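Below is one structure; the comments refer to it alone.
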Amino acid sequence: MKKVAIIMGSDSDLPVVEKAAATLKEYEVPFEVHIFSAHRTPEQARAFALGARENGFGVIIAAAGKAAHLAGALAANTTLPVIGIPLKSSVLDGVDALLSTVQMPSGIPVATVAIDGAVNAALLSIQILGVSDPVCAEKLENARKAETEKVLAKNAAVEARFNV
Ligand code: RP5
């Protein structure tokens, strides 16, 4: 199975990134976590992106806050799909990172999830792997069914309590 790369701009991003890692672990999808900054360690970020495909990765998740150009900088150096997580790490509550990540000019796409949307970033990466990996696709299918059952049970409890 292809690996997922989780790249963050700073170790201060870890509390959110941990949620993506936990989700990948839950689905038993292999992953690596690295700190590469688009502005503090740009050469390392570039080298990682350039080698990612031949190093066995299928998707890159990039988490960054403030003027968040990490996802775009990685995407510039690979044709692997890149998922950006804009982080709420500034006085602007992540809106700065959201706009920086989502507003990619035509030609270099970044699939951007919600501010601090680490779980969805991980799930989207599994969905991308699931296009060619039936094991990933089946796990996602089962998780969706389990989630539906949970909500139906909650609905039944609420209906029993309030409705005549
Ligand atoms: C971004 O700047 C990082 O992704 C982080 O979210 C933010 C602040 O970084 P630190 O100053 O905490 O290292 O590059």
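The values are calculated or read from the model by the stated rules, or taken from the named source; none is laboratory data. Treat the numbers as computed from the prediction; the structure is a model and nothing was measured. Neighbour counts run over all protein chains shown; Cβ positions are idealised from the backbone, glycine included. Side chains are part of the model used for accessible areas, which takes the heavy atoms of the whole protein and leaves out ligands, DNA and RNA. Shrake-Rupley method; radii C 1.70, N 1.55, O 1.52, S 1.80 Å.
Remarks
- Taking the longest Cα principal axis of the chain as reference, the axis of helix 118-130 is set at about 90 degrees.
- Prolate/oblate/rounded label for segment 86-164 (Cα gyration tensor, a/c 1.5): oblate
- A simple packing score, the average count of other Cβ atoms within 10 Å per residue, orders the peptides 131-143, 42-54 as 42-54, 131-143, with the highest score first.
- Nearest-ten-degree value, helix 42-51 long axis tilted from longest Cα axis of the chain: 70
- Considering only beta bridges that DSSP places wholly inside segment 1-141, some 0 percent are antiparallel.
- Carbon plus sulfur fraction of accessible area for the chain, probe 1.4 Å, in percent: 57
- Most mobile of Leu98, Leu70, Leu14 in a GNM of the chain (Cα contacts under 10 Å): Leu14
- Annotated for segment 1-116: lysine pairs at least 8 residues apart or interchain, Cα distance under 18 Å, count 5.
- For Met8, the residues whose amide H sits under 5 Å from its own are His34, Ile35, Phe36, Ala63, ignoring neighbours fewer than 5 places away on the same chain, with H placed 1.01 Å from N.
- Prolate/oblate/rounded call for segment 1-46, Cα gyration tensor, a/c under 1.5 rounded: oblate
- On Cα atoms only, tilt of 14-26 relative to the major axis of the chain in degrees: 60
- Entry note: the chain has Rg to Rh equal to 1.06, where both radii use alpha-carbon atoms and Rh is the Kirkwood radius.
- Relative protection proxy for 150-156, 20-26, from highest mean packing down: 20-26, 150-156 (other beta-carbon atoms within 10 angstrom).
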